[in-house]
Amino acid sequence: MTLSLAGRTASPVAHAVPIRVGGFGGAVGLAAYLERERIDVLIDATHPFAGTISANAGAAARQTGVRLTALRRPEWAAVAGDRWIEVDGVDAAVAAIGARPRRVFVALGRKELAPFVRAPQHFYLVRSVDPVDPPLPLPDVAYVTERGPFGEEHDAALMHRHRIDAVIAKNSGGQAAYGKIAAARARGIAVIMLRRPAPCDGPAVETVDDALAWLDHALTGVTARGV
């Protein structure tokens, strides 16, 4: 078993399996890797917003005949007390903040921050695993460098300390990043929620346990390539 990481985090969490880091060179490169390494099954466990790699995984699996499933955790759903503004993309999220100066907690990837430069009237609190380098050319921005998961209590304290009145987040689903959503609800704070892109076609499961069950079934009776 091999775990493939995109390489966007400088110090990834340690894992008990072999790891490769970096891209494959698109669907063609991934297909070549699957053939070269004689891979029998492929699990697409990328972030729900990482559409390119998911599309490449599907194309490579079809080209090579490798069995594929995607781990797609369910989306978050708004519940009583949530104040969500749902948008498509970061540009729409920036527009949704409005013209009046606000104090905004930005929980997005480091590579998605450039559009906020167009709205310099706001205070931004940016949280990321690795430092934002270079810093954003904004007059009022603070950075928090830390690795999740983050609970409600932790994120409520962070919002209180920085007097946050709006949160920008992706609808990534799962529990590891839900603390900010629960904290915003409890504090009556608006959440500008980025909708998920449409998922790629193909088989999918919702939990790690489901993925392991699928893997056990997929490997049953598999004959190693080249034997």
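Applying the criterion of being charged (D, E, K, R), closer than 18 Å to P197 by Cβ and in contact (Cβ under 8 Å) with a residue 60 or more places away in the chain to the residues of segment 82-103, the residue that is surrounded by the most Cβ atoms within 10 Å (Cβ to Cβ) is E86.
Annotation note: of G58, G7, the sole residue that is out of contact with any His (no Cβ under 8 Å at 6 or more places or on another chain) and modelled with pLDDT of 90 or more is G58. Within the option set A70, A45, A14, being surrounded by 13 or more Cβ atoms within 10 Å (Cβ to Cβ), at pLDDT below 90, under 18 Å from V208 (Cβ atoms) and not polar (S, T, N, Q) holds for one residue only, A45. The single residue among R185, R161 that is without any contact (Cβ under 8 Å) to a residue 12 or more places away in the chain and either assigned to a strand (DSSP E or B) or in the same structural domain as R102 (by TED's automatic domain parsing) (or both) turns out to be R161.
Here V126 fulfils each of the conditions (1) in a strand (DSSP E or B); (2) touching a residue at least 60 places away in the same chain (Cβ under 8 Å) apart from (2). Summed over segment 49-71, the residues that are part of a loop (DSSP other than H, G, I, E, B), within 23 Å of D216 (Cβ to Cβ) and not β-branched (V, I, T) give a count of 1. Considering every residue within segment 102-109, establish whether at least one is of a type in the set (V, I, T) and outside any loop (DSSP other than H, G, I, E, B). Yes, segment 102-109 contains a residue that is of a type in the set (V, I, T) and outside any loop (DSSP other than H, G, I, E, B). Annotation: of all residues in segment 183-199 being of a type in the set (A, V, I, L, M, F, W, C) and surrounded by 18 or more Cβ atoms within 10 Å (Cβ to Cβ), the one that is farthest from A61 (Cα to Cα) is I189.
Rundown of residues vs (1) under 30 Å from I164 (Cβ atoms); (2) in a loop (DSSP other than H, G, I, E, B), yes/no style:
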residue: A27; (1), (2): no, no
residue: A32; (1), (2): no, no
residue: H47; (1), (2): yes, yes
residue: R73; (1), (2): yes, yes
residue: A95; (1), (2): yes, no
residue: K111; (1), (2): yes, no
residue: P115; (1), (2): yes, no
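I'd like to know if segment 60-69 contains one or more residues that are out of contact with any Asp or Glu (no Cβ under 7 Å at 6 or more places or on another chain), free of Cβ contacts under 8 Å to residues at least 40 places away in the same chain, assigned by TED's automatic domain parsing to the domain that holds R118 and not hydroxyl-bearing (S, T, Y). There is no residue in segment 60-69 that is out of contact with any Asp or Glu (no Cβ under 7 Å at 6 or more places or on another chain), free of Cβ contacts under 8 Å to residues at least 40 places away in the same chain, assigned by TED's automatic domain parsing to the domain that holds R118 and not hydroxyl-bearing (S, T, Y).
Here is a check on your reading of the model: is V106 crowded, with 16+ Cβ neighbours inside 10 Å and in the same structural domain as L138 (by TED's automatic domain parsing)? When the stated conditions are applied, V106 passes them. Just give me the residues in segment 188-223 being aliphatic (A, V, I, L, M), in a loop (DSSP other than H, G, I, E, B) and farther than 28 Å from A157 by Cβ, in sequence order. Within segment 188-223, A198, V222 meet the criteria.
The values are calculated or read from the model by the stated rules, or taken from the named source; none is laboratory data. Nothing here was measured: the structure is a model prediction, and the numbers come from that model. Cβ atoms come from the backbone with ideal geometry, glycine included; neighbour counts cover every protein chain shown.
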